[in-house]
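Heads up, the thing below is written out as structure tokens.
The values are calculated or read from the model by the stated rules, or taken from the named source; none is laboratory data. Since this is a predicted model, take the numbers as computed values, not measurements. Here Cβ is always computed from backbone atoms with ideal geometry, including for glycine, and neighbour counts include all displayed protein chains.
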Amino acid sequence: MKVKSLEIKDFLKIAAVKPRAATQTDFCVIDADSKNFSLNAENLNFHAIFLCTNGNCTTTVGPHRFLTDSKCLTAVPPHTTFSISDTSEDFKACLLLFKSDFLKKGFVKTDIMEELLYISPEYAPVFNLNTADFNDSLYKIKKIKEENEKQTPFCTEVSRLYILQILYDYNRVCELCLINSEKLINRQYQVLYQFRKLTEQHFSTMKTVKEYADLMNLSAKYLSECVKNHTGAAALSLIQNRIILEAEQLLNYSTLSIKSISYQLGFSSAASFSRFFKGLKGMSPVEFRTKP
């Protein structure tokens with residue numbers, strides 16, 4: 001039997017929620033409880049962040065079926081079967097729904113966004129949050145709902161930033177849980193974790209996959225395979241994304257000249273930095289700095 005593919009507007013009908021604004025077809029937050037919500041196996045055409053706030057339920061995401069308790073955060077990628085069943089009487093949850101294109105309309109580079117949105121199908125995408133992380137996630141989700149309902153100036157931009165923060169938080173929790181797991185961690189994930197730490201330390205001096213592979217005593221091919229398998233992105237893209245992120249910060253928030261920024265980021269000249277930046281951003285550093 002073919003599983004129906006849902007858009008956000010279809011999901012809202014299931015949840016008996018009427019959109020308050022046109023933006024709710026791009027992103028929205030809904031509250032769920034045992035009295036008004038259940039979800040049969042549905043294939044989603046959008047991202048969903050599912051935060052259980054009370055009670056428990058059985059959740060299915062793709063091939064993974066698991067019990068979701070209070071303070072559990074689940075991330076559901078598009079084109080994945082998602083269901084919620086066997087809810088306890090005291091079950092309550094928040095669901096944040098959003099489309100990839102909604103986030104990509106913002107100022108974050110597409111490759112960085114793709115990495116944040118990528119969820120490895122190898123692991124069940126559910127994590128038990130500590131009280132502080134749970135309260136922080138719940139606060140951000142409630143703020144998104146509040147912004148969307150009030151429709152105040154810049155509500156869409158503010159909501160986009162909150163969603164971006166939640167994605168960074170999810171990725172951080174994901175890494176920490178896997179690294180601290182008592183189970184044997186996949187060797188490739190260990191390689192990815194080490195690679196990310198090294199790019200954070202050496203992005204201004206090391207620009208190639210081979211340099212990092214040599215530092216890790218690995219072949220460039222194996223390192224590239226590990227990164228691709230767990231992030232969906234090329235290893236070189238992760239290196240370049242980190243350099244671009246730093247460049248954008250310096251261009252936006254420092255008074256350094258383009259030449260000084262070039263040297264700080266390890267480029268031999270302003271011209272080579274400008275070529276690199278324009279190749280990835282589609283505009284020169286000067287154009288980026290002076291854009292409205």
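Can you tell which of Lys259, Lys291, Lys281 is basic (Lys, Arg) and touching a residue at least 24 places away in the same chain (Cβ under 8 Å)? Before you say what the answer is, go through the steps one by one.
On the way: Lys259 fails: touching a residue at least 24 places away in the same chain (Cβ under 8 Å); Lys291 fails: touching a residue at least 24 places away in the same chain (Cβ under 8 Å).
Unique residue meeting the criteria: Lys281.
Out of the residues in the stretch 39-63 that are small (Gly, Ala, Ser) and either crowded, with 23+ Cβ neighbours inside 10 Å or over 24 Å from Tyr139 (Cα atoms) (or both), state the one that is modelled with the highest pLDDT. Talk me through it step by step, then tell me what you get.
The first filter runs over the stretch 39-63 and keeps only residues small (Gly, Ala, Ser), leaving 41, 48, 55, 62.
Remaining after also requiring either crowded, with 23+ Cβ neighbours inside 10 Å or over 24 Å from Tyr139 (Cα atoms) (or both): 41, 62.
Working: Ala41: 69, Gly62: 79.
For the stretch 39-63, the residue satisfying everything is Gly62.
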Q: Could you check, for the stretch 64-78, whether at least one of its residues is buried (at least 19 other Cβ atoms within 10 Å of the Cβ), part of a loop (DSSP other than H, G, I, E, B), in contact with a His (Cβ under 9 Å, 6 or more places away or on another chain) and of a type outside the set (A, V, I, L, M)?
A: yes
Q: Could you grab the pairs with beta carbons closer than 6 Å, sequence gap of 6+ or different chains, first residue in the stretch 82-98 and under 16 Å from Phe46 (Cβ atoms), second one of a type in the set (Val, Ile, Thr) and outside any strand (DSSP E or B)?
A: Cys94/Ile141; Leu96/Ile141; Leu97/Ile8; Phe98/Ile163
Q: Scan the stretch 187-234 for residues that are of a type outside the set (A, V, I, L, M, F, W, C), more than 26 Å from Tyr263 (Cβ to Cβ) and under 22 Å from the mean Cα position of the chain (by Cα) and jot them down.
A: Gln188, Tyr189, Gln190, Tyr193, Gln194, Ser224, Glu225, Lys228, Asn229, His230, Thr231, Gly232
Q. Say we look at the stretch 126-161 and pick out the residues that are surrounded by 18 or more Cβ atoms within 10 Å (Cβ to Cβ) and outside any helix (DSSP H, G or I); which of these is modelled with the highest pLDDT?
A. Leu129
Q: Quick one: which helices (runs of 4 or more DSSP H) lie wholly within the stretch 195-257 and hold at least 2 residues that are small (Gly, Ala, Ser)?
A: 220-231, 235-253
Q: Being hydrophobic (A, V, I, L, M, F, W, C) and within 29 Å of the chain's Cα centre (by Cα) is the filter here, so list the residues in the stretch 258-285 that pass it.
A: Ile261, Leu265, Phe273, Phe276, Phe277, Leu280, Met283
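Going by the conditions given, is Cys28 touching a Ser or Thr at 6+ places or on another chain (Cβ under 6 Å), modelled with pLDDT of 85 or more and under 25 Å from Phe134 (Cα atoms)? Let's see the steps before the verdict.
Numbers: touching a Ser or Thr at 6+ places or on another chain (Cβ under 6 Å): no; modelled with pLDDT of 85 or more: yes; under 25 Å from Phe134 (Cα atoms): yes.
No; evaluated as a whole, the condition is false for this residue.
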Q.
Only one of Ser269, Ser224, Ser219 is within 24 Å of Glu115 (Cα to Cα), in contact with a helix residue (DSSP H, G or I) (Cβ under 7 Å, 6 or more places away or on another chain) and surrounded by fewer than 14 Cβ atoms within 10 Å (Cβ to Cβ). Can you tell me which?
A. Ser219
Q: Starting from residues that are assigned to a loop (DSSP other than H, G, I, E, B) and modelled with pLDDT under 85, keep the ones in the stretch 87-108 and report whichever is farthest from Gln165 (Cα to Cα).
A: Lys105
Q.
Checking the structure you have, find out if any residue of the stretch 46-58 is without any contact (Cβ under 8 Å) to a residue 40 or more places away in the chain and of a type in the set (A, V, I, L, M, F, W, C).
A. yes
